[in-house]
1. Among the numbered conditions (1) more than 16 Å from the ligand (Cβ to nearest atom); (2) within 14 Å of chain A (Cβ to nearest Cβ); (3) crowded, with 18+ Cβ neighbours inside 10 Å, tell me where B:Ile418 comes up short.
2. Name the residue that is farthest from A:Tyr3 (Cα to Cα), counting only residues in segment A:38-86 that are more than 11 Å from chain B (Cβ to nearest Cβ) and exposed (fewer than 13 other Cβ atoms within 10 Å of the Cβ).
3. Could you list all residues from segment B:19-59 that are in a loop (DSSP other than H, G, I, E, B), within 13 Å of the chain's Cα centre (by Cα) and among the hydroxyl-bearing types (Ser, Thr, Tyr)?
4. Mind listing whichever residues of segment B:462-478 are near the ligand (Cβ under 6 Å from one of its atoms), in a helix (DSSP H, G or I) and touching a His at 6+ places or on another chain (Cβ under 8 Å)?
5. Which of the residues belonging to segment B:290-316 are more than 16 Å from the ligand (Cβ to nearest atom) and either within 11 Å of chain A (Cβ to nearest Cβ) or of a type outside the set (Asp, Glu) (or both)?
6. Does segment A:22-66 hold any residues that are more than 24 Å from B:Ala454 (Cα to Cα), in a loop (DSSP other than H, G, I, E, B) and in contact (Cβ under 8 Å) with a residue 24 or more places away in the chain, and which are they?
7. Got a sec? Which of B:Thr456, B:Thr428 is over 21 Å from B:Ala185 (Cβ atoms) and within 14 Å of the ligand (Cβ to nearest atom)?
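The values are calculated or read from the model by the stated rules, or taken from the named source; none is laboratory data. What you are looking at is a predicted structure, and each value in this text was computed from that prediction instead of being measured. Quick reminder, even Gly has a Cβ in these numbers, built from the backbone with ideal geometry, and neighbours come from all protein chains shown.
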Amino acid sequence: MTYEETIRQKVIEVLVDEFELDQELLQPEATLYDDLGLDSLDAVDMVVALEKAFGMKMNDEEKIRAVKTVDDLIRLIVSIGEQHAN
Amino acid sequence: MNTDVVIIGSGISGLTAAALLAQKGKRVIILEKKSRPGGALKRFKRQGIPFDVGFHYTGGLGKGEILRVLWEHLNILPGLSIQPFPPHGNDQVSIKDSDKTVRCFFSYELLQKELQRVFPHEKHGINEYMDTIRSICSTIPFFNLDLPLTPFLRNLFGPANTNLADALKTLTKDQELQTILNTPAFLHGVPPENVSLATHAIVAHSYYSGAYALDGGGQAIVDAFVSELNKAGVHIKTSCAAQEIMVHNSRVSGVRSSNEEIHAADVIFTGHPTHLLDIINGQVFRPVYCNRLRELKNTGSMFIVFGAVDDPDSLQETTWVNYYSVQKGMGLLAVHPESPENSSMMLTTPGRRDSDAISTNSARGVILMRPADWCETADFQKSETGKRPAAYEDWKSDQTEKLLGQAHKLWGGTIGEIKPLAAGSPLTLRDELGNPQGGVYGVKHSLGQFITGARTRLPGLWLSGQGTLMTGIMGASLSGFVTAGEMLGLEELWDEVRQCR
Ligand SMILES: Cc1cc2nc3c(=O)[nH]c(=O)nc-3n(C[C@H](O)[C@H](O)[C@H](O)COP(=O)(O)OP(=O)(O)OC[C@H]3O[C@@H](n4cnc5c(N)ncnc54)[C@H](O)[C@@H]3O)c2cc1C
């Protein structure tokens, strides 16, 4: 499994377990707000859950706010992971 | 029984939210599990001497400052007699193993002069520190009332989220100056490595801008609110614990208390957020939110001695001074139960600040505090108030003696002999205030911990209290305001409150 696939799997796991979302809905292009029914109130929960799952800090508010789809979310985690590695 | 809003808890946050909602014509019932309203602001008496628990002094009560503006809006001010600390009033901080004692005045100007006097080589760092604190606070609507509230409240990370310890180290290499600038940690309970510069700034700035006492202490605030709430038709039911928040069709339907069911479309819970899970079926939330509530970390605790002196004149000097003795460096809140000489300590005499202190005996009261750890009470944690084992009383007496001995060494010359009348441990704070692990200020407002704000995912359920916004009287009052604002319309309510400037 590639690095990105591992991340994808874990993000989906978090969304299913911690947010009780239906796995089938979690397509890459699914939008968090319209398709998955998450709203701004969920943003903090999302950050908390992902920080815990990946053991890293998310602190770029602009980048987090720019996340629209499941794929955006995965790409954000991948990029933070790469920053950490450097 | 039916009402519009049930508020669980009658601390300053619940009282504030109740007053705001009642002003808007809402029918409000407050449920309080203790026999008297007021939460941490209640006073208690020993040998006729009144003692404050959760109120020694506050900022925010100067003209045009937020707490005063809010109380003006709520018509609470006429019932209160505010006593500003006079210019010579200060937090007198002595640093252990050093000959330095610094008077931290409640004024930027005086404090700056004093710091420059004691640390003549650190002028640059001192000025920069003060500029930093002021400039952070100028971006916070509660200090700069021209700003809108929503952007501040919806911000995920908040301003200035670097840690205080690092910030101080870049400002000055002088460990003693770092120590002094750290002292507000006593008032928010978070060690400098864990606290954001912004959280520190909020607390520090509110005191650097002026400190205030009130005739009658925290109890006077409670009494003023209760009297206004009575007029507005708000019922406060004491000795009445909320046992279940009822949910129907995926929204709140009311509260079941020890005596009855109250139906209401909205419920505000002001207790420690972790305790929300004790009275609601957690399945109404997503697992992620339950975990957040469950895993909230708390501030450290305190061991507190309430004592008296025979001759109130001996305390004259202490009236407008809070005495602190602190460890050098960043270890201000470190706990040393077995070697009290290493522990930071605070001595204060809030009762003396009442204008009728002498005639009411409150001039004799002295309060001593040291940081304490929940583990210190490991052997007694299963016990409840009134049913503690004898060994607990022995431990408490022993700790009281140690604290008094240390106070005598440090300040005996000024205050003379203190006779202990009562003591509070982490267990007292847990059982009297409902703070898990006896955390003195409840939820820790620390870096990396996301506090749970007023809004929840369950329609009709709201949170409030010191754990949801900021700590202290000011923080908890503002949390009550923010929760009411979220329910009624944030910016509209903010506009109305600001008009009372
Ligand atoms: C020792 C100490 C010293 C302090 N000194 C200062 C100071 O000098 N200056 C300052 O600004 N701040 C100070 N504080 C902090 C300040 O007192 C608090 O931040 C503030 O009072 C908290 O208000 P609150 O409404 O959030 O909570 P609380 O006052 O704790 O109120 C919560 C209420 O909810 C009730 N409750 C909880 N669960 C239930 C339930 N299920 N049913 C019914 N009722 C329930 C509780 O009994 C309690 O009365 C101090 C605190 C302590 C402990």
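1. B:Ile418 satisfies every listed condition except (2).
2. The extreme case among them is A:Ala66.
3. B:Tyr57
4. Matches in segment B:462-478: B:Gly472 only.
5. B:Cys290, B:Asn291, B:Arg292, B:Arg294, B:Glu295, B:Lys297, B:Ala308, B:Val309, B:Pro312, B:Ser314, B:Leu315, B:Gln316
6. Residues satisfying the conditions are A:Leu26, A:Gln27, A:Pro28, A:Glu29, A:Ala30, A:Met56.
7. Working: B:Thr456 fails: within 14 Å of the ligand (Cβ to nearest atom).
Of the residues listed, the single one that is over 21 Å from B:Ala185 (Cβ atoms) and within 14 Å of the ligand (Cβ to nearest atom) is B:Thr428.
Here's the yes/no breakdown for (1) in contact with a Leu (Cβ under 7 Å, 6 or more places away or on another chain); (2) without any contact (Cβ under 8 Å) to a residue 60 or more places away in the chain:
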{"residue": "B:Pro86", "(1), (2)": "no, no"}
{"residue": "B:Gly89", "(1), (2)": "no, no"}
{"residue": "B:Gln92", "(1), (2)": "no, no"}
{"residue": "B:Lys100", "(1), (2)": "no, no"}
{"residue": "B:Phe105", "(1), (2)": "yes, yes"}
{"residue": "B:Leu110", "(1), (2)": "no, yes"}
{"residue": "B:Asn127", "(1), (2)": "no, yes"}
{"residue": "B:Asp131", "(1), (2)": "no, yes"}
{"residue": "B:Ser138", "(1), (2)": "no, yes"}
